[in-house]
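Note sheet for the following structure.
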Amino acid sequence: QVQLVASGGGLVQAGGSLRLSCASSGRTFSSYAMGWFRQAPGKEREFVAAIRWSGATTDYADSVKGRFTISRDNAKNTVYLQMNSLKPEDTAVYYCAARPVGVSRRPADYDYWGQGTQVTISS
């Protein structure tokens with residue numbers, strides 16, 4: 001069983017930065033691929049970024065490529081999402097998720113989910 005707790009959300013102005021964290025309580029964290037997703041009001045949950053268990057492979061949605069960076073520290077059982085040059089359209093609840101194999105952009109492929117953290121970008 002993997003439990004995930006996301007944190008780091010908040011309210012920032014457009015152009016600002018935030019770093020989200022997702023801490024896992026499972027001992028097998030290092031064997032899981034991790035993903036970040038977001039969901040804005042009235043919209044479906046969408047893929048943001050993912051990272052392989054080793055950190056050697058990452059994947060980003062086109063909308064965040066070049067602005068967001070996903071990373072992980074397996075010694076701390078934590079995955080991060082550094083978000084720079086934030087835009088109002090980045091406003092959403094951000095979720096971290098885990099799956100035991102490789103990276104995926106499909107929410108249905110992830111077995112475990114965190115509770116979400118609100119990110120609000122003002123214009």
Fill in: Stretch gain in nm, segment K43-N84, where the contour uses 0.36 nm per residue and the Cα spacing is subtracted
12.5 nm
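Residues of the chain: accessible area per residue at 1.4 Å, in Å²?
On the way: 6170 Å² over 123 residues.
Value returned for the chain: 50 Å² of accessible area per residue.
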Fill in: Cα lying deepest toward the dipole's positive end in the chain, options V48, V2, G16, charges on Cβ
V2
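At a 1.4 Å probe radius, carbon and sulfur cover how many percent of the accessible area of the chain?
Roughly 46 percent of what the probe reaches on the chain is carbon or sulfur.
Where does the chain land on Rg(C-alpha)/(2.2 N^0.38 Å)? Kindly include the intermediate steps, with their values, before the conclusion.
Details: Rg = 13.2 Å, N = 123, 2.2 N^0.38 = 13.7 Å.
The reported ratio for this selection is 0.97.
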Worksheet, complete the sentence: In whole angstrom, the spacing between the Cα centers of the range 1-28 and the range 93-123 equals 10 Å
Item to complete: Rank-order 57-66, 28-37 by packing density, defined as the average count of other C-beta atoms within 10 Å over each peptide's residues, highest first.
Response: 28-37, 57-66
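The values are calculated or read from the model by the stated rules, or taken from the named source; none is laboratory data. In this text, all values refer to a predicted model and were calculated from it rather than measured experimentally. Ideal geometry is used to build each Cβ from the backbone, glycine not excepted, and the neighbour counts take in all protein chains shown. Areas reflect the complete protein model, heavy atoms only, side chains present, ligands, DNA and RNA absent. Shrake-Rupley method; radii C 1.70, N 1.55, O 1.52, S 1.80 Å.
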